[in-house]
Amino acid sequence: MSEITRLMLLIVRVGVDLAKNLIQVHAVDAAGRRIVSRALKRDQFVAWCEQLPKGCLVAMEACSSGHHWARRLRAAGLDARLIAAHFVTPYRMEGRNGKNDATDAAAVCEAASRPSMRFVPIKTTEQQGVMTLHRIREGLKEERTGCINRIRGVLAEFGLVFGKSPKALRAVLADVLEDASNELSGTARLVLQRAFDHWHELDEHLLWCDQQIGQHVRSTPEAKRAAKIIGIGEITASAMVAAVGDFGQFKSGAQCGAWLGLVPSQNSSGGTARLGRITKRGDDYLRTLLIQGAKAAVMSAHKRDDPTSRWLAQLKERIGWQKACVAMANKNARILWAVMTREKTYDPRHVSAKPPGKVPMAQRPAAAAPTAQAPATCPV
């Protein structure tokens, strides 16, 4: 047995810093002693990992290519894990000023050794494909908004100003381009016509994305159940199911809401609890979809008569519009966790049963008034 083979068999944990061309590895033995710390090319990385003992822990940051490499390493018999980047930062020995590939790989290796470390579930190719559809859709929305704003800017330079909504601009733009009485030059008309055609093309691309998302919801039982929740439509249901995958990774609905950053931040000390704004941790896209859906639910709460809508209408009157929207988004995250983990269809008129042995506060008997005691006499 060669020396290199003997050293490879001693490795029990590997930290990997992924990049496009060079991949840094940091491997340690059972005592935490460094065995290997080197940079590998993409084609060398897989061959090097195949020499590791079966079941060896290989930890990586949850970056863009992390799920791909995790699937490949698990297929090779290794225990591939993904760690969120903000969990790795505290273990970088050189701090913020000493960041490089070698220290990042060492920090990933050290973070993976912690028994309380929370790992990121590895996505399947189907999950990544659906999330790619959502990302393309968001990019097309931004591009369409930019196209509309450019058209408005050009028209404003010639003294033509119209309503703020895209619908109002679309209704008059064709007539404006044909109107010879305005100040638009021939070149400006050609430019605006091309921009208007591009606007139509973006609308067609967005319509195709929406159709694909709808097809995903109709063909996936989990997404179909999620779409029935008040404040969660097809887009939110598709994104949540694809991004989370297994909702059983959360112990409770409250943990699911905390993962999405919908719970208040804490600054407590000395037994005094101070709650602040929501943490806004986790996936910004998912949180945005939940809050947008919650806004629609708050606006239409007075039209429904289910317990959740009545609670929502009262909450809006008590704490205001914005806080009610965030509270509804957090509630929907909890409901979504319950629907997914219990594999039941959402019932808007369902009322949670009280745990056995607990009596609601309104039904508890009034406590007897404490009897007055004679003051203790002070000896003279």
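The values are calculated or read from the model by the stated rules, or taken from the named source; none is laboratory data. Bear in mind the structure is a predicted one, so any value in this text is a computation, not a measurement. FYI the Cβ positions are ideal-geometry reconstructions off the backbone, even for glycines, and counts take in every protein chain you see.
Suppose we keep only residues that are of a type in the set (D, E, K, R) and without any contact (Cβ under 8 Å) to a residue 40 or more places away in the chain within the range 99-119. Which one would you say is surrounded by the most Cβ atoms within 10 Å (Cβ to Cβ)? Filtering the range 99-119 for residues that are of a type in the set (D, E, K, R) and without any contact (Cβ under 8 Å) to a residue 40 or more places away in the chain, the one surrounded by the most Cβ atoms within 10 Å (Cβ to Cβ) comes out as Lys99. The residues on offer are Ala333, Ala237, and the sole one that is under 22 Å from Ile213 (Cα atoms) and in contact with a Leu (Cβ under 6 Å, 6 or more places away or on another chain) is Ala333.
Condition check ((1) closer than 16 Å to Leu290 by Cα; (2) over 16 Å from the mean Cα position of the chain (by Cα)) across all residues:
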site: Cys209; (1), (2): no, yes
site: Pro221; (1), (2): no, yes
site: Thr236; (1), (2): yes, no
site: Gln249; (1), (2): no, no
site: Gly257; (1), (2): yes, no
site: Asn267; (1), (2): no, yes
site: Gly270; (1), (2): no, yes
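Look at Ile122 and say whether it is farther than 30 Å from Ala59 by Cβ, of a type outside the set (Lys, Arg) and touching a residue at least 40 places away in the same chain (Cβ under 8 Å). In short, no.
None of Val36, Val58 is touching an Asp or Glu at 6+ places or on another chain (Cβ under 9 Å) and in contact (Cβ under 8 Å) with a residue 24 or more places away in the chain except Val58.
Close contacts from the range 154-176, counting a first residue that is more than 17 Å from Arg189 (Cβ to Cβ) and without any contact (Cβ under 8 Å) to a residue 12 or more places away in the chain and a second that is part of a helix (DSSP H, G or I) and of a type in the set (A, V, I, L, M), with Cβ to Cβ under 8 Å and a gap of 6+ residues or different chains, come to Val161/Leu155; Gly163/Leu169.
Among the residues here, Ala19 does not qualify as of a type in the set (Gly, Ala, Ser), over 30 Å from Thr279 (Cβ atoms) and at pLDDT below 95. Among the candidates Asp246, Asp210, Asp197, Asp203, the residue that is among the charged types (D, E, K, R) and more than 30 Å from Leu177 (Cβ to Cβ) is uniquely Asp246.
In the range 32-43 there is at least one residue that is in contact with a Phe, Trp or Tyr (Cβ under 8 Å, 6 or more places away or on another chain) and under 20 Å from Ala102 (Cα atoms). Residues considered: Gly153, Gly163. Of these, the only one that is assigned to a helix (DSSP H, G or I), loosely packed, with under 15 Cβ neighbours inside 10 Å, of a type in the set (Gly, Ala, Ser) and on the phi < 0 side of the Ramachandran plot is Gly153.
So that you can scan it fast, the table gives a plain yes or no per residue for (1) surrounded by fewer than 18 Cβ atoms within 10 Å (Cβ to Cβ); (2) modelled with pLDDT under 95; (3) aliphatic (A, V, I, L, M):
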site: Gly270; (1), (2), (3): yes, yes, no
site: Leu275; (1), (2), (3): yes, yes, yes
site: Thr288; (1), (2), (3): yes, no, no
site: Ile291; (1), (2), (3): no, no, yes
site: Asp305; (1), (2), (3): yes, yes, no
site: Thr308; (1), (2), (3): no, yes, no
site: Leu312; (1), (2), (3): no, yes, yes
site: Cys325; (1), (2), (3): no, no, no
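Quick grid of which residues meet (1) among the acidic types (Asp, Glu); (2) touching a residue at least 40 places away in the same chain (Cβ under 8 Å):
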{"position": "Val191", "(1), (2)": "no, no"}
{"position": "Arg194", "(1), (2)": "no, no"}
{"position": "His200", "(1), (2)": "no, no"}
{"position": "Glu204", "(1), (2)": "yes, no"}
{"position": "Gln211", "(1), (2)": "no, no"}
{"position": "His216", "(1), (2)": "no, yes"}
{"position": "Thr220", "(1), (2)": "no, no"}
{"position": "Ile230", "(1), (2)": "no, yes"}
